[in-house]
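Notes follow the structure.
The values are calculated or read from the model by the stated rules, or taken from the named source; none is laboratory data. Just so it is clear, the model here is predicted, and its values are computed rather than measured. Note that each Cβ is placed from the backbone with ideal geometry, even for glycine, and that neighbours are counted across all protein chains shown. Side chains included, ligands, DNA and RNA excluded: accessible areas come from the protein's heavy atoms. Shrake-Rupley method; radii C 1.70, N 1.55, O 1.52, S 1.80 Å.
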Amino acid sequence: MEAGEILLRRGLINRQQLEESRRRSSEGSTIVDAAVELGYVSEENALRALADEVGLEYVDLGTIDVDLSLLKDFPHKLIHRQSLFPVRRANGELVVATSDPFDLYPIDELSAATGLAVTPVLAGRTEIAKLIKRYLGVGSETVDGLIEAKSDEDTVELLTDIEPDGSELSEMAQEASVVRLVNEILLEAIELRASDVHIESQASGIVIRYRIDGMLQPQQVPPEINRFALAIVSRLKIMARLNIAEKRLPQDGRMKLKVGGREIDVRVSIIPMIHGEGLVLRLLDKTAMVFDLKGLGMDPAVYNVYRELIDIPHGIILVTGPTGSGKTTTLYSSLIEINAPDVKIITTEDPVEYQLEGINQIQVHPKIGLTFGHSLRSILRHDPDVILVGEIRDLETAENAIQASLTGHLVFSTLHTNDASGAYTRMVDMGVEPFLVASTVEAVMAQRLVRRLCKHCKVVSNVTREDLPRDFPWEQLEGRPIYEAVGCRQCRKTGYSGRLGIFELLVTTEEVRQLAHDRASTWKIKEAAVRGGMKTLRDDGWLKVMNGSTSIDEVVRATKGDVQVALNKPSVYHGEDVTEEDREGGDARVAPKAHVSL
């Protein structure tokens, strides 16, 4: 009986859905695949029905242990071309996962190749594909094809330098295979929501790592891919319009991809290293990026204050944090929040990461003299209301930003400081007069990104108060559970999926303004801000822990290098006595009273 008729008879789809699934099915795609793709039935329910009908076992590959030793002698072409995967060997029989119970030819072929009796079990096609990528590596099918297509005499490492043999067909096939291999690497990264792809040449061979949710994750690759390292690098250079002959100097380029209707900007950086060239690809998915100020993860109290601040007519608002902490997202979200037909917004950035509708954006070019400072002077002649300066890097840019704020403009910018209070002293260190910093900076937002706990597998932690960091507000927990990461199929065993921000908003009160004017230390400014009600990064992180969004480990990881008032000055939180010597001797770089386990 046809698979579609089985689904119809069991009430999983109706006649109209069956006919539509038949129309959508094609070579290499079954009626079941089409019905699942159209959303008529889940893959698991469909396969369970087929397994019951034909008398096969259905297995969930994500929950069983697979005997990986079987891969050594298993024909890889059957894995890639027929989506078969060995599960276990028992009583002289080889148990193999397949997603199509009616295609018996691959089973017979496998039995002939191995000399064993083969017992098929049904499993999801997507689950089989995940196992193939996890244990054989991304691009393994293409690599197998490349190796089969090459004779032993040809040097694959010199693929891009090989003289054509006169056969246009063979030359095109070689080029197409390398293109497909590179595309598989990029597509896999995009599917996994990676922000960066690292392709590194090491003594042991090529290493591919994806940065997902801020953490680098090594990817399994077949060992044979090392033979195509030069071809991969050359292909990416061609895509980024770089010089493929230059292997001694760093190069930077960019390319645009279109994947499933989505536009992906890719910035390419290449650096020569001792074992070959290292590449980093920064992936910017324009369609997946949503700039929503409310959706960044700000505490409602912080959001309300910040929302009022970005409506002021003049002054400077700074966002600080390390690279990759989401500063650009916060700034773009702020601009979109206040963007209106009667507000002219101009930005000067390096680089312009996302193009925003209704906002005028300038790409700086330092090589031709178009720096932040130079472009900022020109922007003022274009009658803007709001200005975004990508980063205040030097005295010239800082002075121009201050001049713009003093002449009635609202200026947004970023600084690289560890916390909000450090922004005041950083600008003074650049050479800006303290009274100018005090009179123009209206607020500083410091931020970090922490990973969200996977909603499918997070569990309640049995942690006790003694196990928690000293500054954790146990009294505010009020019986609410604390969750910890576990790991499942949906989150690729990491325990986390996606990220959210933790924020520290320092509003320039009169006390803070006076301290900045008097060249006070970062510590004293932060202490005054906390007395005025500011929540530190750590405090905001604990709020995210208490509402179940993230874990204690994530907050500790993201804030480990930050100055913690609770550690240096327990009196701020716990009412302990602090001597005048302590107050005068407070140093933002050390934590003499810290006994908390980080």
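Histogrammed with a bin width of 10 Å, the alpha carbon distances of the range 306-425 distribute as 13, 50, 34, 3 percent, first bin at zero.
Starting from 0 in steps of 10 Å, tell me what percent of the Cα-Cα pairs of the range 82-132 lands in each bin. The distribution over the range 82-132 is 27, 57, 15, given as percents. In terms of its C-alpha gyration tensor, the range 465-562 comes out prolate, because a/c is 1.5 or above and the ratio a/b outweighs b/c.
The Cα center of the range 297-341 and the Cα center of the range 216-295 differ in position by 31 Å. The base-10 log of I(q)/I(0) for the range 403-511, evaluated at q = 0.17, 0.18, 0.19, 0.24 Å⁻¹, reads -0.91, -0.96, -1.01, -1.33 [Debye formula, identical scatterers on Cα atoms, solvent excluded].
Order of 120-127, 56-63, 94-101, 481-488 by packing, highest average Cβ count within 10 Å first?
94-101, 120-127, 481-488, 56-63
Ranked by the mean number of other Cβ atoms within 10 Å of their residues, highest first, the peptides 285-291, 513-519 come out as 513-519, 285-291.
Each residue, GLU44 and LYS286, gets one label point 7 Å from its Cα in the Cβ direction; the gap between the two is 3.8 nm.
The modelled label-to-label distance for the pair GLN16/SER269, using points 7 Å beyond Cα in the direction of Cβ, is 5.4 nm. Taking the average, over residues, of other Cβ atoms within 10 Å as the packing measure, peptides 321-333, 455-467 rank 321-333, 455-467 from highest down. Largest accessible area first, the listed residues ARG23, ARG48 line up as ARG23, ARG48 when surface is computed with a 1.4 Å probe on the assembled protein chains.
Annotation for ASN183 and GLN490: the two label points, set 7 Å from Cα along the Cα-Cβ direction, are 3.2 nm apart. Over the range 172-235, the hull volume per residue, using the convex hull of the C-alpha atoms, is 84 Å³.
For ARG448, the accessible surface of its heavy atoms amounts to roughly 20 Å² (probe 1.4 Å, protein chains only, rounded to the nearest 10). Equivalent ellipsoid of the range 429-488: semi-axes from √(5λ) of the C-alpha gyration tensor, largest first, are 40, 17, 11 Å. Ignoring lysines fewer than eight residues from LYS524 along the same chain, the ones with Cα atoms less than 28 angstrom from its Cα are LYS327, LYS535, LYS544, LYS560, LYS569, LYS593.
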